[in-house]
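Let me begin by presenting the structure, written as structure tokens, before commenting on it.
Only the coordinates and a few stated rules stand behind these numbers; no lab work does. Bear in mind that the values here come from a model prediction, so they are computed numbers and not experimental data. So basically every Cβ, Gly included, is an ideal-geometry build from the backbone, and we count neighbours across all protein chains shown.
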């Protein structure tokens, strides 16, 4: 399956309607193709789906664990468990899931109709999923570090410090104003930046 | 003294003597997938109207050049003992069919792409990336280098870090993000655009499709959008600790004094487009072009 054929099957794959053989070929290609991983994440970002999403349906809080389990079991069946690829796929899938959740937050009326509402459990669940992905990718980055130039490592660390500072500031503000959807969006944006940076840094350290 | 001078000249000349010139060419399909790796130096790719790949350039001392492929795929690159070193670099000048799908990987090497109309993906650690053309898809990432894209591309996804992202003449769907680098969009006519940076600034000058969306998100960077004075759009603006200035003359609200810490929502014309700006402490300016 080449890139073009894979991209024609995005929707069917995400919907789970792809036949098994095609699904296996799809995942096999996706494992080794950063462009398609990115395109998949991009196509299923809120920008692509904004016109079709409902305005008031909350995303399921356990979306990511289900995806992770499904991916893990499929790969075990095929006997091809490869940690770096899994991490990359996990990051991409998490971005997709988080973007969908972010979209739903975004599509609510702004300013929030109910400013006194406590932060949703969805945001809490989303943060814990981002945190887990971030920890996994940080470990993978440590393994990749010897293959990166010292200057690159310094840049990555500097960028992570900037993101972490922004994340801390946004979370602190959200703690003071828990119902603020705009602040929740900024927290999600900072997490998204962090996971994406870690994924990219890990990818750079992969042998070609 | 003379002996020293001769010895010094020999030392200086040695790397030049060891440079390996390359000149290779193979036939390939017009829509082939081509992968190019050159970690240090310069990779310049040009689209041409021939069903072949032609490579010229010079390979750094101690490095090896590989090149192969046929039909739908081709692969080439420079291999070095230590890929993390910035020097010495190699220069690859590659001509490929205009409709080819091209993937380029670099460390410190700069990447330049012109004249293609297919799909291009460029990944660099610290090199700059410059792409010109009418592409169906452009994906470019650099941790430190600047990203520069110009031309009417259908889908553009640019991810930077410390470097600046510059987009000229962008059409269609755009996603651009940086950590500390600025994002600058000029002469844009976007359908869906998502611009996001942590501490960099965002400057957009262009129009939004009547049913399109322009979303900008920063933590501390300022956002300046220059839009057509007659834009029909729904605006949602919010900066939690930064000023908001709306300078679309004749539209409501037309604020002379900056608003701070309060969300601003308003509609111009009949609505249609959706302009969203969210920042934690950056200033938001909505101005007319």
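The C-alpha atoms of segment B:166-249 occupy a region whose extents along the principal axes are 29, 26, 17 Å, arranged from largest to smallest. Sorted largest first, the principal axis extents computed over the alpha-carbon atoms of segment B:22-288 equal 63, 35, 19 Å. How much of the DSSP bridge set in segment B:22-288 is antiparallel, in percent, rounded to the nearest 5? Antiparallel bridges make up about 20 percent of those DSSP assigns within segment B:22-288. Centre-to-centre, using Cα atoms only, segment B:16-50 and segment A:145-184 are separated by 39 Å. Rounded to the nearest 500, the helix-only mean residue ellipticity at 222 nm of chain B stands at -2000 deg cm²/dmol, with each DSSP H run of n ≥ 4 adding -39,500 (n - 2.57).
Please identify, among B:45, B:129, B:276, the residue showing maximal mean-square fluctuation in a Gaussian network model of chain B using a 10 angstrom Cα cutoff. Result: B:276 has the largest fluctuation of those listed. On C-alpha positions alone, give me the angle between the axis of helix B:2-18 and the longest principal axis of chain B, in degrees, nearest 10. Relative to chain B, helix B:2-18 is tipped by roughly 70 degrees.
The distance separating the Cα centre of segment B:121-175 from that of segment B:191-244 comes to 19 Å.
Of all DSSP-defined beta bridges confined to segment B:48-147, some 40% are antiparallel rather than parallel. As a calculated quantity, the FRET efficiency between residue B:211 and residue B:241 at R0 = 25 Å, using C-beta atoms, amounts to about 0.15.
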